[in-house]
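The structure under discussion appears below in the form of structure tokens.
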Amino acid sequence: MYSGIIAMALLAIFAVVFLYALHRALSVEPEPLTVLPAQSGWLPQEHALSRFHARWYLASIVFLAFDVEMLFMYPWAVVVAEVGVSAVVEMFLFLGALLVAVAWAWREGAFRWA
């Protein structure tokens, strides 16, 4: 009764084990300096955990604010016709809160790049 499921499970397990063994048999040990994950194998000029300038944190907060705005606006656009005026009022309240956040970021200098 379950012979087809068991056969497919065994075939999948065999395929994974075979491909893993094939990889281990044919792979070449690479040089660590030529397979760096960033900068296309070039030697890094700074440490991977180096600190970013503080203004990037403000810019990322502004990006997240607009990203979350879009996250809420897509479902809202689907149901606004069904809900009516209250949905429009709620969205304008949300956009007002977002405007306050953008004004704060502007005052803090998140949009100055020099």
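Values quoted throughout were computed directly from the atomic coordinates according to the rules given, and no laboratory measurement underlies them. Treat the numbers as computed from the prediction; the structure is a model and nothing was measured. Cβ coordinates were reconstructed from backbone atoms using ideal geometry, including for glycine residues, and neighbour counts include every protein chain displayed.
Can you compute the modelled spin-label distance between Leu93 and Phe14, with each label point 7 Å from Cα toward Cβ, in nm?
6.3
To check my understanding: the extent here is largest minus smallest coordinate of the Cα atoms along each principal axis. What are those three numbers for region 44-114, in Å, largest first?
Result, largest extent first: 56, 27, 14 Å.
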